[in-house]
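What follows is a set of notes on a single structure, which appears directly below.
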Amino acid sequence: MANWNDPQPRSGFGASPSLGGRTAGRAGYDAGLRRHMLSIYNYMSSGVLLSGIVALLFARSGMAAQIAGTPLWWIIALAPLGFVFGMSFGANRMSTTTLQAMFWGFATVMGLSLSTIFLVFTATSIASTFFATAAAFAGLSLVGYTTKKDLSGMGSFMIMGLIGILVATLINLFVQSSALQMGISVLGVLIFAGLTAYDTQRLKNEYQVLAGTEFAGKAVILGALSLYLDFINMFQFLLSFMGQRD
């Protein structure tokens, strides 16, 4: 028998207000998360596109060949590190607009740094490696976004491996071993493949803490920077042993 004195409204057959509120809240959270991640991917892909255009134009202009091996080239090659450190350690003091400007500046300087690949490898091999990297990145990022497994342990292992690669690369500057270089390239692809999945899950989980905060806009830029670095490094390591040289 219906209770006509029940003051609580009903939203649908058999629904309770608390359940409806939780469902609506979850739907709102999921929509916010999708917007957050989409913003990250939009910034990241736009940054990669900008770097590619700058690299191609700089190489085609002949300027990349002119400065290769000069002190100016080393300044250009090391400049992206300055942007990464500046953005990573200065984000709290910067406005979102400043951080955005630094991201586009980083992508531009990175494009100048990448221009020498057009002097070493054929355009066909660069293009095919790029699309192979894009496909792998998309798959790995999807895994990181959808998996229920905690990847934090794998992330720590990959970061340790990255430190090992940096040390091995410094050693190879002196020994100039082609076998060691091949090993570094293979390990580099595997490490940044793992970091792609790890970083995607990390950025997804961070949204729970950052949603609605003042730092959320900055987190989008920093997240795009992380995924950009994963993509570009995986591309470079893949190109070093898959690319066809001129």
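The values are calculated or read from the model by the stated rules, or taken from the named source; none is laboratory data. Values in this document were obtained by computation on a predicted structure and should not be read as measured data. Note that we place each Cβ from the backbone using ideal geometry, even for glycine, and neighbour counts take in every protein chain shown.
So is SER11 surrounded by 12 or more Cβ atoms within 10 Å (Cβ to Cβ), modelled with pLDDT under 90 and on the phi < 0 side of the Ramachandran plot or not? Explain how you work it out, then say what you get.
Working: surrounded by 12 or more Cβ atoms within 10 Å (Cβ to Cβ): yes; modelled with pLDDT under 90: yes; on the phi < 0 side of the Ramachandran plot: yes.
Yes.
Of these, GLY212, GLY183, GLY164, GLY243, which one is on the phi > 0 side of the Ramachandran plot and over 18 Å from the mean Cα position of the chain (by Cα)?
Values: GLY183 fails: on the phi > 0 side of the Ramachandran plot; GLY164 fails: on the phi > 0 side of the Ramachandran plot; GLY243 fails: on the phi > 0 side of the Ramachandran plot.
Matching residue, one of GLY212, GLY183, GLY164, GLY243: GLY212.
Select from region 201-244 the residues that are among the acidic types (Asp, Glu) and within 28 Å of THR129 (Cβ to Cβ) and list them in ascending order.
ASP230 - this is the single residue of region 201-244 that is among the acidic types (Asp, Glu) and within 28 Å of THR129 (Cβ to Cβ).
Per-residue answers, yes or no, for (1) at pLDDT below 90; (2) among the basic types (Lys, Arg); (3) surrounded by 18 or more Cβ atoms within 10 Å (Cβ to Cβ); (4) touching a Lys or Arg at 6+ places or on another chain (Cβ under 9 Å):
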position: GLY161; (1), (2), (3), (4): yes, no, no, no
position: ILE165; (1), (2), (3), (4): yes, no, yes, no
position: LEU170; (1), (2), (3), (4): yes, no, no, no
position: GLN176; (1), (2), (3), (4): yes, no, no, no
position: GLY183; (1), (2), (3), (4): yes, no, no, no
position: VAL189; (1), (2), (3), (4): no, no, yes, no
position: GLY194; (1), (2), (3), (4): no, no, yes, no
position: ASP199; (1), (2), (3), (4): no, no, yes, no
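Based on what the data block shows, is ILE40 surrounded by fewer than 18 Cβ atoms within 10 Å (Cβ to Cβ), in a helix (DSSP H, G or I) and at pLDDT 95 or above? Outline the logic, then answer.
Numbers: surrounded by fewer than 18 Cβ atoms within 10 Å (Cβ to Cβ): no; in a helix (DSSP H, G or I): yes; at pLDDT 95 or above: yes.
Criteria not met by ILE40.
Looking only at region 93-114, filter to residues that are among the polar types (S, T, N, Q) and under 20 Å from the mean Cα position of the chain (by Cα); which one of those is surrounded by the fewest Cβ atoms within 10 Å (Cβ to Cβ)?
Restricting attention to region 93-114, the residues satisfying the condition of being among the polar types (S, T, N, Q) are 95-98, 100, 108, 113.
Those still in the list that are under 20 Å from the mean Cα position of the chain (by Cα) too: 96-98, 100, 108, 113.
Working: THR96: 16, THR97: 9, THR98: 15, GLN100: 17, THR108: 20, SER113: 22.
Selected residue: THR97.
Show me the helices (runs of 4 or more DSSP H) entirely contained within region 68-182 in which 3 or more residues are among the aromatic types (Phe, Trp, Tyr) and over 26 Å from GLU214 (Cβ atoms). So that I can check it myself, show each step before the final result.
Numbers: elements: 71-90, 96-114, 117-120, 123-146, 152-175.
The qualifying helices (runs of 4 or more DSSP H) are 123-146.
PHE235 passes all but one of (1) surrounded by fewer than 22 Cβ atoms within 10 Å (Cβ to Cβ); (2) among the aromatic types (Phe, Trp, Tyr); (3) touching a helix residue (DSSP H, G or I) at 6+ places or on another chain (Cβ under 8 Å); which number fails?
All conditions pass for PHE235, except number (1).
State all residues of region 64-78 that are among the small types (Gly, Ala, Ser) and crowded, with 17+ Cβ neighbours inside 10 Å; if no residue qualifies, say none. Break it down stepwise before answering.
As a first pass, look at region 64-78 and keep what is among the small types (Gly, Ala, Ser): 64-65, 68-69, 77.
Once the filter is applied, which keeps residues that are among the small types (Gly, Ala, Ser) and crowded, with 17+ Cβ neighbours inside 10 Å, region 64-78 yields only ALA64.
Kindly evaluate LYS204 against the criterion of being within 27 Å of ARG93 (Cα to Cα) and modelled with pLDDT of 85 or more. Give the derivation first.
Details: within 27 Å of ARG93 (Cα to Cα): yes; modelled with pLDDT of 85 or more: yes.
Spelling it out, LYS204 is indeed within 27 Å of ARG93 (Cα to Cα) and modelled with pLDDT of 85 or more.
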